[in-house]
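Q: Structure in structure tokens, see below.
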């Protein structure tokens, strides 16, 4: 498993679930040094991946990228096809899917308010 994708997904889930890094590190018995190593490309141990999956209630298997899930891919395709939202696509590649959805919702609300 790609360490950077692993660390990135963990951080996204911690934010989404409102879990502090300290609480997470204690619960899963890892260190900030391990997280730093994953961000630098170190591959996590299978036991660690399993412990993280169990604690966060997620699965990492067959996740080449968080943009490969069909729902996010569909959203990005819709943005790509709308000229008024196309500029978002350039920025969206490094943003978690939840943030993309939030931004699109805000833009739709602004558009409704303007009409």
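Q: Rounded to the nearest 0.05, what FRET efficiency do residue 111 and residue 40 have when you use their Cβ-Cβ distance and R0 = 35 Å? Walk me through the intermediate numbers first.
A: Details: r = 42 Å, r/R0 = 1.19.
Efficiency at R0 = 35 Å is approximately 0.25.
Q: Sticking with this structure for a sec: Convex hull over the Cα atoms of the stretch 1-58, averaged projected area in nm²?
A: Working: hull surface 13.2 nm².
Taking a quarter of the hull surface, the average projection is 3.3 nm².
Q: Another one. Taking 22 Å as R0, compute the FRET efficiency from the Cβ-Cβ separation of residue 83 and residue 15 and round it to 0.05.
A: Numbers: r = 31 Å, r/R0 = 1.42.
FRET efficiency, residue 83 to residue 15: 0.10.
Each value in this text was obtained by applying a stated rule to the coordinates, not by laboratory testing. This is a predicted model, so every value here is computed, not measured. Quick reminder, even Gly has a Cβ in these numbers, built from the backbone with ideal geometry, and neighbours come from all protein chains shown.
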